[in-house]
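Scroll down for the structure; my scribbles are underneath it.
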Amino acid sequence: MKAVALLALAVGAFIGSADFAQAQQGDAEKGAKVFGKCMTCHRVGEGARNLVGPVLTGVVGRPAGTIEGFAYSPLNKAAGENGLVWTEDQLFSYLANPNAFLKKFLTDKGKPQLATGSTKMVFNLPNETERRDVIAFLKTFSKPTQ
Ligand code: HEC
């Protein structure tokens with residue numbers, strides 16, 4: 001009897017956490033469609049090149065402003081130089097409003113003098129689900145961490 005109750009609890013916890021993870025993680029397949037909006041300016045995956053925006057292959061976990069040969073705005077570059085790494089959480093906040101995010105990041109780092117000008121990324125993704133999904137999609141192109 002006790003064992004059954006424990007098992008039920010364990011299964012409940014497992015299902016609960018799976019739901020939670022999914023809500024947090026987003027859906028990479030749906031994210032592929034969302035990425036269509038980014039493709040005006042970005043490419044990802046094999047053979048990707050810098051276009052209007054930098055290549056996004058491996059962006060999850062990468063320090064900001066570090067793609068060789070891409071002419072970043074001083075704002076994006078400064079954020080990277082001051083410790084901005086594109087974790088899933090940071091991307092989630094950034095994509096809602098890149099300009100405001102980068103300025104807040106630098107201000108919070110005690111560098112308000114660098115929080116000037118504008119990012120060249122003039123695209124906002126306000127929808128939370130779309131943001132989670134596109135991040136899940138981008139993650140599938142991340143290099144494995146050692
Ligand atoms: C209209 C063009 C455009 C669109 C659309 C666009 N971006 Fe960008 N993105 C840029 C540009 C330009 C930059 C470089 C910003 C800078 O230097 O200030 C950039 C920068 C970025 C960066 C920072 C990269 C780095 O190396 O620091 C990320 C992450 C990013 N974009 C993700 C996305 C995603 C995801 C989408 C779609 C939801 C998207 N962008 C849509 C133009 C665009």
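Brief remarks follow.
- Mean Cβ count within 10 Å, highest first, over the residues of peptides 132-141, 98-107, 34-43: 132-141, 98-107, 34-43
- Surface composition of region 27-139: carbon and sulfur make up 54 percent of the accessible area, probe 1.4 Å.
- Given charges at beta-carbon only (K, R positive; D, E negative), |dipole| of region 27-139 in Debye: 300 debye
- Accessible surface, region 27-139, averaged per residue in Å² (probe 1.4 Å): 54 Å²
- Sites Glu128 and Ala71, calculated FRET efficiency, Cβ-Cβ separation with R0 35 Å, nearest 0.05: 0.70
- Convex hull volume per residue, computed on the Cα atoms of region 27-139, equals 90 Å³.
- For region 27-139, the tally of Lys pairs with Cα-Cα distances below 15 Å comes to 9, considering only residues 8 or more apart or on different chains.
The values are calculated or read from the model by the stated rules, or taken from the named source; none is laboratory data. These numbers come from a predicted model, not from an experiment. Don't worry about glycine lacking a Cβ; one is built from the backbone with ideal geometry, like all the others, and counts go over all protein chains shown. Areas reflect the complete protein model, heavy atoms only, side chains present, ligands, DNA and RNA absent. Shrake-Rupley method; radii C 1.70, N 1.55, O 1.52, S 1.80 Å.
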